[in-house]
Amino acid sequence: MGFLQHIVKNDSTKSDPPEIYNGRVFLVCLVYGLKNKSPTELANLSSNIVSVIQAGAFAGALFASWLANKIGRRWSLIYASFLLFAGVACQAGASGHIEVLYVGRLLAGLAVGIASTVNPLYVSENAPRGIRGLLTGLYQLTLVSGLTLAFWINYGSNLHLHGHIQYVLPLALQAVPGVTLCVGMFFANESPRWLAQKNPTKALQVLATLRGLPPTHQYVVDEMTGIEFQLEEERALTSGNSAWSMLKEAFTGLALFYVGFYIRFDPPVKGQPISAAGYVALVMIYIFASVYQFGWGPVVWTYSSEIPPTRLRALMMGMAVASQWLFNFVVAKATPSMFATLGKNGFGTYFVYGSFCFVMVIYAWFLVPETKGISLEHMDELFSQNNVRKEFVPTPRAMVWESDADVKGVEDTKLASEHVERI
């Protein structure tokens, strides 16, 4: 897979051994009674059915921060697939009982929350630094691919199926990704960075296998040394993926503003041809979706999974994903009411969400440093600098060891030397 070094060009891919960009890394990263109700009641019921899965995902993300540290990243994903199976069974077998449907959606939400927390975590801890952003970003690609596939499955079911099977089949097909994840993870390795906390010897073996190099290779030794060093630092304290990608969100804000103006002053009229402004508004919706999928869509998964220290990575990733699902829940509940109340045809809704996009640009510019090509073990040092726009040059780990030894004294120097020799 050395061809990746011709596609992904950064300092890391130029200097790293070509063997580490192998097929094994890609494999571990890719496996994962209404008629009589009023329109208001139908809107509330619809929002409840949609939002309950997001409420479950919020709880699942918080639970995952404990689970991933307790039993590991690999088994957390396997358990998430079993939860999904139970949720899908309840949904497909609800037979009109709305309470059973809610329970099924909640269980599926718990599974989604766990998986959406642990998956980026697992990928970032397995991937080589030069393509970590690319591989973690593939998670967003799988999300939008699944949404697209689900849309066409629903569309085809509405066209060609009748009776109970019309909704039972789409609900049952939710289990297919869970089966793929479950089977794939049984053949995948555990995260070497999680193993380093439990069994350093096994962690070294897994890391060497992932990189396609012998355990004695200097690259593997250096990476394992960095992992061990960060863990030692964290124990002492307790005793792309790029910022530019997220700045692109400004374009999505402009796109939503245009749609808001169009809905306010020249809204589409049923039975009449769409105006030129209407076609431009449609293009703007596509621009919003496209830019999002190249910016905040994939990058936040990469960024949130790579910046925390090893000991706190699961906890902090769980908090980040929980907040994401919390606001998904808020949006799902609030948007129907916003369209009904924020001006003519709900045009103000687009201005609210467009404004959020510009706030995200300011946040990314002033508070988000670039992490492209930087190893996970250097993230603490990156965030210790005051200017996030300043170019970051990591300090070699050997120099850090010597500096710490000078401060602590001659005896600590001997301990540090022995530690490096053992690694």
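FYI, it's all coordinate maths here, none of it is from the lab. Predicted model only: the values in this text are computed from it and were never measured. Every residue, glycine as well, gets a Cβ built from its backbone with ideal geometry; the counts of neighbours run over all protein chains shown.
Among Ile307, Ile114, rank each residue by its count of other Cβ atoms within 10 Å, from fewest to most, as a rough exposure measure.
Numbers: Ile307 21, Ile114 30.
Ranking Ile307, Ile114 by Cβ neighbours within 10 Å, fewest first, gives Ile307, Ile114.
If each of Ser355 and Val283 carries a label point 7 Å out from its Cα toward its Cβ, how far apart are those two points in nm?
Distance between the two pseudo-spin positions: 2.8 nm.
Quick one: which residues, 5+ away or cross-chain, put their amide H under 5 Å from the amide H of Ser191? H built at 1.01 Å from N.
Counting only residues 5 or more places away or on other chains, the set is Arg73, Arg74.
Please give, to one decimal in nm, the separation of the simple spin-label points placed at Asn199 and Ala89, each 7 Å out from Cα toward the Cβ.
Going by the 7 Å Cα→Cβ label model, 3.1 nm.
At a 10 angstrom cut-off on C-beta neighbours, averaged per residue, how do the peptides 60-68, 164-172 rank from highest to lowest? Walk me through the numbers before you get to the answer.
Numbers: 60-68: 23.4, 164-172: 15.6.
Sorting 60-68, 164-172 by mean packing, highest first, produces 60-68, 164-172.
Could you check the spin-label model distance between Phe392 and Phe261? Points 7 Å from the Cα along Cα→Cβ, value in nm.
Label at Phe392, label at Phe261, 3.9 nm between them.
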